[in-house]
Amino acid sequence: MKRILRFFFPEEVDFFTPMKTMFNLIGEGVDVYLGAAERDRLTAEDRDRLVTTLKLIEVAGDEIVRKTANDLKQTFTPPFSQMEIRRLFESLDNMIDRLDESAKIIINAEYREGFPVFIAEQLSIFKKGFEEASKAVELLKDARENAEQLGAISTRVGQIETTGDKIYWPKKKELSACINLASKENNLFDYRRAVMDERMLDQMEKLIDNLVDLMNVVEDMVIEHA
């Protein structure tokens, strides 16, 4: 009977509150990660705290994504198409996963006492862009009315991505040269260090790319309500 009633009288589901919660989780993760990345060295306790915190955030994010997917089945009248809502939450979840996985590269590989300097720089750029993107939650409640503001946010995030590229590409070139030289000289220590640094550099670049992906979804939502 409940299924029949739900078919004829679908529930009104709030997707904006869990959306905001996802943004808050990412913000918390970035702050903890950035705090660790700005330190010269990490103690064993610091490492455990960082990994544990990011894992808890990842688990919480996964639960929200699962609940959202289930909630989409309970309503015929979501604020946006089911596909766009799924894409938005997946984009947010990808950022949480990227934070968690990238931190584990440093912690588990144990090739440094702390993080490379560029990690704090890239995380700071991501945080700036993320704070811009987080403004979209309230604005999406009336996407048509707020289309211009949402477009401006997307533009600013794009500009911030360009700032990130100015760190990424020169560092990428530098690390590639280090890898080639270490390989030529059969210097295993420098080779491994440069390879691991490059992995971290790429992870941070992908994190910023995830943010751009998120704003692409937002832009599609605006078009949907144009």
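We did not get these values from a lab; they are worked out from the coordinates using the rules stated. Note that the coordinates shown come from a computational prediction; the quantities given were computed from them, not determined experimentally. Here the Cβ is made from the backbone with ideal geometry for all residues, glycine too, and neighbour counts use every protein chain on show.
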| In nm, to one decimal, how far is the Phe189 label point from the Thr75 one, both placed 7 Å along Cα→Cβ? | 5.9
| remark: Rounded to whole angstrom, the alpha-carbon centroid of region 50-116 lies from that of region 143-194 at a distance of 21
| message | Along the charge dipole of region 115-208, pointing to its positive end and built from +1/-1 on Cβ of Lys, Arg, Asp and Glu, which listed residue (Ile153, Asn187, Phe115) has its Cα farthest out? | response | Asn187
| field | Size of electric dipole in region 96-208: Cβ of Lys, Arg +1 and of Asp, Glu -1, about Cα centre, debye, nearest 20 | value | 220
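Given a Förster distance of 41 Å, report the FRET efficiency between Arg66 and Val117 from their Cβ-Cβ distance, rounded to the nearest 0.05.
Details: r = 37 Å, r/R0 = 0.91.
Calculated value: 0.65.
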| message | Suppose each label sits 7 Å from its Cα in the direction of the beta carbon; what would the Ile223-Lys55 distance come out to in nanometres? | response | 4.1
| query | Distance in nm between label sites at Arg144 and Arg199, each 7 Å beyond Cα in the beta-carbon direction? | reply | 5.0
| Residue-averaged [θ]222 nm for the chain, counting only DSSP H segments that reach four residues, each worth -39500 (n - 2.57) | -28000 deg cm²/dmol
| task | For region 2-224, just the Cα set please: Rg and Dmax, both in angstrom. | result | 20.1, 73
| said: Just want the answer: with Cβ charges of +1 for Lys and Arg and -1 for Asp and Glu, which residue in Leu139, Leu175, Leu92 is farthest toward the dipole's positive end in region 66-210? | reply: Leu92
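Averaged over all directions, how much area does the convex hull of the C-alpha atoms of region 136-226 cover when projected, in nm²? Write out the running numbers ahead of the final one.
Details: hull surface 25.7 nm².
Projected over every direction and averaged, the Cα hull of region 136-226 covers 6.4 nm².
Classify region 7-56: rounded, prolate or oblate, from the alpha-carbon gyration tensor (a ≥ b ≥ c, eigenvalue square roots; a/c under 1.5 rounded; otherwise prolate if a/b is larger than b/c)? Kindly include the intermediate steps, with their values, before the conclusion.
On the way: a/c = 8.89, a/b = 3.36, b/c = 2.64.
Judged from the Cα gyration tensor, region 7-56 comes out prolate (a/c at least 1.5, a/b above b/c).
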